[in-house]
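Computed from the coordinates by the stated procedures, all read-outs in this text should not be read as laboratory data. Quick caveat: nothing in here was measured; it's all calculated off a predicted structure. Every residue, glycine as well, gets a Cβ built from its backbone with ideal geometry; the counts of neighbours run over all protein chains shown.
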Amino acid sequence: MLRDICATFDLNPSAAGLLNFIPLMLFAAVAPLASWGGNKIGLEKGLWGAVCLVTTGSILRILPYEAGLWAGTIILSTGIAAANVLLPPLIKRDFKNHTAKYIGLYASTMAITASIASGVAVPLQQISPAGWSLSLGIWIVPAFVAAIAWIPLLKSTPSGHLNGHSSSSGKLKSPWKSLLGWQVSLFMALQSMAFYTLIDWFTPYAQSEGISQESAGWLLFVYQAVAVISNMVSIAVLKKLNDQRLISFIASLAIFIGLLGLLVSPAMSLLWLVIAGSGAGASMVTCLSLFNLRAADHRQAAQLSGMAQCVGYGVAALGPLLFGMLHQYSQSWSLPLAMLLGANALQLIVAPLAGRARQIG
C-alpha cells in the first residue's frame, strides 16, 4: 500500500524509505527505555501503556493529514517496541514452568497475525472508497479490545509483583556488562538481519532471475508460513532440551544453507526459502526464549530483552540498507548475498555460545 500512501500525501521515494525505516529503528531505540520503564512501574502498567500507544498511533495514521501519518507511525512503533520487550519477562515471571511453551505461542501468534495483515491489506483497500485508510484503520479494533481487556490486570496485580524482588534484583549483573548478554544480543541481531533483508530484497532478486513478481510474492508467503510452522515445532523441541546449543546451531545452519542456495541456484528458490524459513522460525523462538532462560529473574529478563532487541533491531535495520548499497555498487547480487552469508556464518559461531545452559550473574 506504500505507493498509494505516497500518492495521497505526495511523498517522494526518500520519504517513503524513511517511513519504512522508522519502525525498526524505534524498535532498537525504545527497547532499553521500555525495559527500564517496565521494571520501574511494573510489567502490567508498562504493557497497558504500550497497547494504548498502539491504539493511539493506529488512529492518528489514518487521519487525512501527513502529520498524522508520521506521528501515528512513530507512536505506533513505540508501542510495539515496548510490548516486544515487556512480554518475555512477564512470561518468565508468571509461567516459570512453561516458558518455552508460552514464548512459542507468542512468537507464533505474532507471525500468523502479521501474515494475515499482509494478506488482507490489498483486498480491504479495494472494497471501500476509504482505500488504504481502511486497511490500516481496521487494526484499531483489536488494539482497542486489548487495551480494554488489560484493565482488570492493572487493578488485580498482586502486591510485590510491581517491582519483584527488589533487594536481590539490585545485585544482579547488567546484561550490558555481560559477555553472555552480548552473545544473546548478537544472535538476535544476526538472525533478524537475515530475515528482514530477505523480506525486503527477495522480490527484486527473484525478478532479475526471471521469476515473476506474483510468483515471488507467493514464495515469500511460503517463507513466512514455514517460519510459523517452525515456531510451533520448536516449542516442543525446546521443552525437551537441557540447553539450546543444538537447536541454535541447526536453525542458523538452515538459514546459511538457504542463503547459499539462493546464491548458487535461484531457480530452486522454493526449496531454499523453505529451508531458510524453518531456520528463521526456530531462531526467533529460541532468541525469545533466551531472554528468559539466561536471566535470573523477570527484572533481569526485561533488561536482557531490552538490550537484545536494541542491538538486534538496530543491526536488522542496517541489513536491507547495506544489501541495497552493495547491490548498487556492484551491479550484481553476488556481493550483497555474500555479505549476508558472512553475517550468517558469524551467527553459526555466536548462536551455540548463547545457547549454553547458564545465566548472567
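Listed values, structure above:
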quantity	calculated
P(r), alpha carbons of the range 1-126 - 10 Å bins starting at zero, rounded %	12, 35, 34, 15, 4, 0
Percent RCO, i.e. relative contact order, over the range 264-361, from Cα pairs under 8 Å lying at least 6 residues apart	31
Flagged links, alpha-carbon separation over 19 Å, of LYS96/LYS239; LYS101/LYS173; LYS40/LYS96; LYS45/LYS155	LYS101/LYS173; LYS40/LYS96
Of the DSSP H helices in the chain, those whose Cα atoms cover at least 27 Å axially and whose Kyte score averages -0.5 or more	13-41, 66-94, 99-126, 179-208, 213-240, 245-264, 269-293, 298-330, 334-354
Built amide H within the under 5 Å cut-off of LEU63, gap 5+	none
Global form of the range 261-361, assessed from the alpha-carbon gyration tensor, a/c cut-off 1.5	prolate
Extension gain from LEU154 to PHE9, taking 0.36 nm per residue of separation minus the Cα-Cα distance	48.2 nm
Förster-model FRET efficiency, 25 Å R0, ASN97 and MET268, C-beta, rounded to 0.05	0.05
Label zone at LEU346, where the point sits 7 Å out along the Cα-to-Cβ direction: the range 185-208 residues whose backbone N lies under 13 Å	185-194
Placed amide H near GLY355: partners under 5 Å, 5+ positions off or other chain	none
For peptides 79-90, 226-237, 8-19, 260-271, sequence by mean Cβ density within 10 Å, most packed first	79-90, 226-237, 260-271, 8-19
Diffusion coefficient, µm² s⁻¹, Stokes-Einstein with Kirkwood Rh over alpha-carbon pairs of the chain at 25 °C and 0.890 mPa s	116
Förster radius 41 Å - calculated FRET efficiency between LYS177 and ILE229 (Cβ-Cβ, nearest 0.05)	0.60
Stretch gain in nm, segment TYR65-ARG358, where the contour uses 0.36 nm per residue and the Cα spacing is subtracted	100.4 nm
Low-density loop positions, trypsin sites (Lys or Arg not before Pro), the range 60-126 - DSSP coil, at most 13 other Cβ in 10 Å	none
